[in-house]
1. Where in the stretch 214-325 are the helices (runs of 4 or more DSSP H), entirely inside, with at least 3 residues that are more than 15 Å from the chain's Cα centre (by Cα) and polar (S, T, N, Q)?
2. Regarding the stretch 303-311, can at least one residue be identified that is touching an Asp or Glu at 6+ places or on another chain (Cβ under 7 Å), surrounded by fewer than 24 Cβ atoms within 10 Å (Cβ to Cβ), at pLDDT 95 or above and over 17 Å from Asn220 (Cα atoms)?
3. In the stretch 297-353, what residues are out of contact with any Ser or Thr (no Cβ under 7 Å at 6 or more places or on another chain) and basic (Lys, Arg)?
4. Only one of Ala43, Ala48, Ala39 is touching a strand residue (DSSP E or B) at 6+ places or on another chain (Cβ under 7 Å), small (Gly, Ala, Ser) and crowded, with 20+ Cβ neighbours inside 10 Å; which?
5. Applying the selection to the stretch 353-412, what residues are under 21 Å from Thr286 (Cα atoms) and in contact with a Cys (Cβ under 6 Å, 6 or more places away or on another chain)?
6. I need a count of the residues in the stretch 355-398 that are surrounded by fewer than 18 Cβ atoms within 10 Å (Cβ to Cβ) and in a strand (DSSP E or B).
7. Given the criterion hydrophobic (A, V, I, L, M, F, W, C), within 26 Å of Asn21 (Cα to Cα), touching a strand residue (DSSP E or B) at 6+ places or on another chain (Cβ under 9 Å) and not in a strand (DSSP E or B), identify the matching residue among Val410, Val418.
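The values are calculated or read from the model by the stated rules, or taken from the named source; none is laboratory data. All values reported here derive from a predicted model rather than from experimental measurement. No Cβ is skipped: glycine too gets one built from the backbone with ideal geometry, and neighbour counts run over all protein chains shown.
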Amino acid sequence: MQITLNFGTTGLPVNLPDSWNITIAGKKAMPVLADPAAAVQQALDAPAPLPHASGSCPPLRELARGKQSVCILICDVTRPVPNSTLLQPILHTLAEAGVPEEAVTILVATGLHRPNEGEELVALVGSRDIVERYHVVNHFAGRDEDHVFLPPTSTGTPVGLDKRFVQADLRIVTGLVEPHFMAGYSGGRKVIAPGICHESTIRTFHNARIMGDPRAANLNLKGNPLHAEQMEIVSRLAPVYAVNTVIDDERRLSFINFGEIASSHEQAVAHAAPYFRYDLPRRFTTVITCAAGAPLDLNFYQTVKGLVGAKEALKTGGRIFIASECREGLGSQEFQDCQKRLVANGWKAFLEDIGTRNRANADEWETQKLTEILAVGAATLYAPLLSAEERALTGIDYTDHFEDSIRNWVEQTGDADVLVIPEGPYVIPVAPTAG
């Protein structure tokens, strides 16, 4: 049997013996919008009913009338948000409402990620014309002068937010709803927090206590402490409006809405949730997955999401085999430093160390999430673009021969029941807790 994993922009074919008992955790076919451009305009003109908002949400054209400044948040290159479909109708509607181009800022919500510049920025927004005509800028979490500091959350998290968004007369978020291994789902409030938060805010609500909470997990919003922090931060900025989208496995638009940020996100999650969850009757000794392909598999930092996404399907003592292009290496220098500590001291000592601090080091949370896999079983990575030095810092095993390693492992275990997750963290398998 040949199965193609999402890998870079090309995919990775994997040949497995027909004699194995293979379960494929694939996404159910999503409905696809026949005319995406028309659907976007319809959403902007006629916001869907918002049961948790007070009153109804006016159309964007009405919201924009008379506004002197507008800030539109977009996700960075790690998210396949269909900006080329979204931004033109939004900008056209703002113009029709009388908002001049110079009054519009498009802010890239980078969180602690690197900025998106040059041709990458053009590709991100989907149009060179937009980059040339509008003020398109990146968020920099470490620049104090770029932020407004509001009172801390009820748990003590400092709240620093990019002042270009805070001070705008009209605030709009664009996002993509998909599973997220800490926040439950991406989109909505997550584009703000951590998207345009000060580094002190991000490092506090990504500390070991919150990240170690079992409710800070894929597909879960109920009782999720990270989600709660995000919602409290966003509530300080009301009103905020959002365009939330859901796409299928071919990146086609399946759902779009516009409205008040919390209710519109809730509605998008309700549409998406049945497609992202894959229920299993049992766990597996062998799980084969990926990091979802481009743009998500650009480095090992992002690849951790694929490992965590497969965790709930893994038997104790089992192994996850993951393929990821990692064209940009491991990730940030801060993440590499965290990985060095993990490799040098072991995962238990790493957790003991970070558990004593209220504020995480930058990108430490990704290494912390990786330890969840090491506590259950093992993992093997196929990422041929990584150097030998980088492979040694992943904290997991490495192979240059993906299929052979899988076959050898199955032969060693004598268990030919194998789970394959072709889309990686875009489909979350859920199995009984007993390993």
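1. Result: 261-276.
2. no
3. Lys305, Lys311, Arg327, Lys340, Arg341, Lys348
4. Going through Ala43, Ala48, Ala39 in turn, the sole match is Ala43.
5. Ala383 - this is the single residue of the stretch 353-412 that is under 21 Å from Thr286 (Cα atoms) and in contact with a Cys (Cβ under 6 Å, 6 or more places away or on another chain).
6. Final tally of qualifying residues: 3.
7. Val410
Each row is one residue, and each column tells you yes or no for (1) closer than 19 Å to Asn257 by Cβ; (2) out of contact with any Leu (no Cβ under 6 Å at 6 or more places or on another chain).
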| position | (1), (2) |
| --- | --- |
| Gln42 | yes, yes |
| Leu60 | yes, no |
| Ser69 | no, yes |
| Gly98 | no, yes |
| Ile106 | no, yes |
| His113 | no, yes |
| Asn116 | no, no |
